[in-house]
Structure formats: structure tokens, C-alpha cells
Amino acid sequence: MSGRGTEITLRVEQASAGGKPGWRYRVFVNGETVGQERTVDPRTAVQIRDFGRRYAQLFETKYQPAVKRQTLESLGDDLFQTWFAADWQVITARGATGPRRIVLASDDATILNLPWELTRPANGAVFGADPNVSLRRTPQAVS
């Protein structure tokens, strides 16, 4: 995205720890690695999978889901803390101004189907409400 803004890629791969499913992930800014490879422990992975399942079920009804704003904000904070917080200072230093494209790359449908639009960086607008942020999901672990 050089010249047109910043591309932030979250690449997530399935991983196991002690036979229990989890994830390992890495963040890239304009193709360059930010920080180190990180892991999501199996306990947190179970919570994320459960959250993703429950969130999807909200829309399997013929009525508009009734969800409190606090709940959505909390979920957005949790997504940010789990996936971006550890590297956010470096991410913003590399692309603090202008448009940003967030690429979510994973072979795991659970990851792709999370409500990333709710992600709320510290002192920022949720990704889905920020006119300078676009989201792209890709069902492959982009290198």
C-alpha cells in the first residue's frame, strides 16, 4: 500500500499446545514483521471460539439482535488486547497517519468470522467506524 496508506496484516495459523488447539500469529506493517511471533494459549483460544460462535448465533434469528453497547465495546477491547495491543505502538509509529488497510489472513474460519469491525484500539475509534480503516479477510496465511 505504499503511497496509499499503510497495510497492517495479522497472519494467524492454528497451533497446538499440549494437544489443545490454539493459534500463533504475527503482525506485519507494509510487509515487514512487527515484533515477534506470538501465541494465543489454548484457554484463550477456547474463549475466542466460543465468543465467535455465540456472536454468529445472534444473527440466526429473524429479529434484530439486542446487544448492549457495553458488550460490543468490551468485545472490541478484547479483540484489540488479544491480537494487536502488544505491537500497537510500533504499528502506529510505522503508519500513524492516512488510510490503513487491516488484512486478516488465516486458514481458520473462526478467525476470519470474528467481528473485527468491533476492534477498538486504545484511544481510537472501532475499526468499523473509522473512515481511515478498511478491513480485508483472506482465507490464507499470507506470507
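Contact annotation: residue pairs with Cβ atoms under 7 Å, 6 or more positions apart or on different chains, pairing a residue in segment 72-94 that is farther than 23 Å from Asn30 by Cβ with a partner that is among the basic types (Lys, Arg), are Glu73/Arg120; Gly76/Arg120; Asp77/Arg120. The C-beta contact set for segment 107-130 (first residue in contact (Cβ under 8 Å) with a residue 24 or more places away in the chain, second residue charged (D, E, K, R) and part of a loop (DSSP other than H, G, I, E, B), distance under 7 angstrom, 6+ apart or interchain) comprises Val126/Arg120. Considering segment 1-29 alone, what residues qualify as being surrounded by 15 or more Cβ atoms within 10 Å (Cβ to Cβ) and not hydrophobic (A, V, I, L, M, F, W, C)? Correct list: Gly5, Thr6, Glu7, Thr9, Arg11, Glu13, Gln14, Pro21, Gly22, Arg24, Tyr25, Arg26. The one condition from (1) surrounded by fewer than 16 Cβ atoms within 10 Å (Cβ to Cβ); (2) modelled with pLDDT under 90; (3) in contact with a Phe, Trp or Tyr (Cβ under 9 Å, 6 or more places away or on another chain) that Ile91 does not meet is (1). For Arg49, the requirement of being among the basic types (Lys, Arg), surrounded by 14 or more Cβ atoms within 10 Å (Cβ to Cβ) and not in a helix (DSSP H, G or I) is not met. Just so you know, in segment 26-46 the residues that are in a strand (DSSP E or B) and polar (S, T, N, Q) include one that is nearest to Gly98 (Cα to Cα), and it is Thr33.
The set of residues in segment 122-143 being assigned to a loop (DSSP other than H, G, I, E, B) and crowded, with 19+ Cβ neighbours inside 10 Å consists of Val126 alone.
The values are calculated or read from the model by the stated rules, or taken from the named source; none is laboratory data. Just so you know, these numbers come straight off a predicted model, no measurement behind them. A quick note on method: Cβ atoms are made from the backbone with ideal geometry, for glycine too, and the neighbour counts reach across all protein chains shown.
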